[in-house]
Amino acid sequence: MTDIPTTTNGHHPPISPDLAPLPEQPTDPAPAAPGQPDVSADPATGPAADRAASETSYEITLDEEPPAPTVPTPVDLPGDGTVPGTVPTEGRRPIIPTGLHRGNRLASAQAAAHRAGYVAAFHTVRLPWYGIQAMRWSVVGMARLINRQLRWWWVSEQYTLQQQAASDNDPAMWLKLHREGKSTRRWRGIILALQVIALTIATLIVAGLPLWMQLLTIAALIPLLAHRGRPAGQPIIAPAVVTRRYRKLNADVVLRAYYAAGLGHPDRADQQIEFGAQMARDGNGSKVLINLPYGRTFAEAVKARDKIASGLDVSIAQVTLSRDPASNRSHWLWVADADPLAAPAGRTPLLACKETDIWQPAPLGIDERGRPVSLLMLWVSILVGAQPRRGKSFTARLLALYAALDPYVRLDVFDGKGSPDWRKFALVAHSCSFGFAMTRDGDPLEIFVQMLRDLKTDVQHRYQKLSELPVEICPEGKLTRDIARDPAYGMPVRLVVIDECQEYFDTGDKELNKEISNLLVYLVKVAPAAGVIVLDATQKPGGVGTGDVATAFTSFRDNHQVRFALRTGSYTVSDMVLGAGSYAEGFDSSVLLPSYKGVGILRGASDETPTVRCHLADAEDAEKILTAARALRQRAGTLSGHAAGQTMLRETRDVLADAASVFQSGETGLDWAQMAARLAERIPEHYTDLTAETISAQLRALGVASVNIKRDGQVLKGAKQAAITTALAQRQTPAA
């Protein structure tokens, strides 16, 4: 194993031993400064840590050995006792390991047993192969042992000396070597003969033993012979658990990366990179506090993150930059040993099916460093964007499932593509529709529009009510948890989910498109402050339509406060999802690898912009959670609307569209009575009392002529399908 050598390249000041610990450095480490811990005795950062690292990693020599510096000028660490208040936070390891604490002992024992069981099962399955390999190499080992003994007996190493004596024309030396060789072969031959006799006697003795003892003897000899016969570096028994290789981080590598990224200059005293704390291991990676030159900012480092990763010779996913609250020119650099986004975050904790609270953050996943990431959904509108099949709907559904487990949250769920992803939300949703195809519940598009109209009215009434409440009940004029959970006020927290939201901006009806776009823009701007959460997902953030509708979609998209972008096709699309300027700040979801599933960049939820590996909740998990959520709502008495079986009435119907939908394949016309019966059967909530005269009058008023229709040998008055289609087309075409 080779440690990475410290390199100084003659451009930047050499690094102190505390910053770049070298296990093979001949000099003793410098004593700790006054007030500083002695890192040489610290198992987290001292030589013991170096030895542990060397046992589990394989470092790579990055540069040639540097020349010895003539004038050492080590990088100064803060906290040297001269400047008050600059002592870094002391990181102490627990006296008793965390795994041995009382509450963790059972889990630690289970983890150890699980690992031991896995290793045992791994090798048990491969025992037959191990046996074949051992017997194969034991034969080779026996041959090698015999060959070695014969070469020893024949004194083969003397052959070179005899050849040299013959080449030098020195017969005296050649004869002397020949006589010594014969003498040596004589007594070695005797020893070899005795070995053969002893081996023969031992073989005869073993042959007379019981079968089980013979097998035991053979089993003991085969591993010894196989070990001698196997090729060097090729073990017969492969390890069950493989330790990944990782690049060891040292100060010179970090400096090289930052200078290559253009964040400083090694030859200019005022442009040199400094370190604010010791480099140390942190979880599955290494971290260090970087002090940029004066005038440089954290934002510049974020923009250069890809160049820093290149300078460190790692993938960009392994580099994490965190803001230092003490200074805008300082930040924490954390470099993971391996790609942290390749490992999934695991199943959602919502599978416990316990009641949640929308006033608390929802668990979303874990970030690059394995830290949990949560999202407070209140007071914001949320946009999720990605390419198809990248986990967009799964991510939005994860947040909706959290809201569903709070029985006091009213859900309205709409899916423009009509996939199975959201259909189980009918168990808890106050209103819902999926796709645009007509169903027994009515026209999905009309249900959606009516929900938007009702929601706008509700938001306006909420602001009026909140402004009229006394200060002791509503201190800040905002919705509170007590008000939201008190049915007397009638203002529960609401979550409106719209998957494939772009579909609702392009329905085919221009007037309807305009109304929907205006309502959506109003809600995404105004509704969150009234306790109405708007959660939208789209695979086409670039927009739809033209003119006012396209402008409205852009306004709708850009007014989301929280953005989550999974993999996108380009940096421009990433900017549309994450918000203008995100790419300039170094955030680009198009660089996420295609192999990542459920991985995205979360922007706007906090001061940080983490890359999140979302928890998984598949269709089976979602159904389990929603079944539990329905039970919680039944217990709390908050089941309402569609989930409670209530009929959702609409103000008006599109009679032309409804009439066109009742024609069956091959039919060219229907008489008025037959059309009325079909409409009453298909959409009973609106056409239950419909008569032939009523539908005739409504359609004739819209330009559909009443003509003769043959039915069962009779000629009756009715309408042609072509006439209804023409009337629909003329209504949708603007006047010249």
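The values are calculated or read from the model by the stated rules, or taken from the named source; none is laboratory data. Source: prediction; values computed, not measured. Positions of Cβ are backbone-derived with ideal geometry, glycine not excepted, and every protein chain shown enters the neighbour counts. These area figures cover heavy atoms from the full protein model, side chains too; ligands, DNA and RNA do not enter into them. Shrake-Rupley method; radii C 1.70, N 1.55, O 1.52, S 1.80 Å.
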Original post:
If only one of Ala304, Ala336, Ala317, Ala309 is among the aliphatic types (A, V, I, L, M), open to solvent by less than 20 Å² (accessible area, probe 1.4 Å) and in contact with an Asp or Glu (Cβ under 6 Å, 6 or more places away or on another chain), which one is it?
Top reply: Ala317
**OP:** Please enumerate the residues belonging to the stretch 329-363 that are within 18 Å of Leu602 (Cα to Cα) and among the hydroxyl-bearing types (Ser, Thr, Tyr).
**Re:** Thr348
**OP:** All but one of (1) under 24 Å from Arg440 (Cα atoms); (2) loosely packed, with under 13 Cβ neighbours inside 10 Å; (3) of a type in the set (Val, Ile, Thr) hold for Thr627, so report the exception by its number.
**Re:** (2)
Original post:
Of the residues Arg268, Arg256, which is among the basic types (Lys, Arg), under 30 Å from Trp332 (Cβ atoms) and loosely packed, with under 15 Cβ neighbours inside 10 Å?
Top reply: Arg268
Subject >> Condition met for Ala226 (within 21 Å of Arg144 (Cβ to Cβ) and at pLDDT below 90) >> reply: yes
Subject >> Candidates Asp357, Asp421, Asp406, Asp339, filtered to the one that is outside any loop (DSSP other than H, G, I, E, B), of a type in the set (Asp, Glu) and out of contact with any Phe, Trp or Tyr (no Cβ under 6 Å at 6 or more places or on another chain) >> reply: Asp421
Subject >> Count of the stretch 572-581 residues which are assigned to a helix (DSSP H, G or I) and surrounded by fewer than 17 Cβ atoms within 10 Å (Cβ to Cβ) >> reply: 1
Subject >> Criterion: over 18 Å from the mean Cα position of the chain (by Cα) and not acidic (Asp, Glu) - qualifying residue of Ser590, Ser570 >> reply: Ser570
**OP:** Please specify each residue of the stretch 124-146 satisfying the condition of being of a type in the set (S, T, N, Q) and open to solvent by less than 80 Å² (accessible area, probe 1.4 Å).
**Re:** Gln133, Ser138
Subject >> In the stretch 100-145, residue farthest from Leu224 (Cα to Cα) [restricted to those that are touching a residue at least 40 places away in the same chain (Cβ under 8 Å) and among the aliphatic types (A, V, I, L, M)] >> reply: Val119
Subject >> Test: residue in the stretch 382-394 that is assigned to a strand (DSSP E or B) and either under 30 Å from Ala488 (Cβ atoms) or open to solvent by 20 Å² or more (accessible area, probe 1.4 Å) (or both) >> reply: yes
Original post:
Which one is nearest to Gly586 (Cα to Cα), of the residues in the stretch 263-311 that are part of a loop (DSSP other than H, G, I, E, B) and of a type in the set (A, V, I, L, M)?
Top reply: Ala304
**OP:** Could you figure out which of (1) of a type in the set (Val, Ile, Thr); (2) open to solvent by 50 Å² or more (accessible area, probe 1.4 Å); (3) under 21 Å from Gly311 (Cβ atoms) isn't true of Thr200?
**Re:** (3)
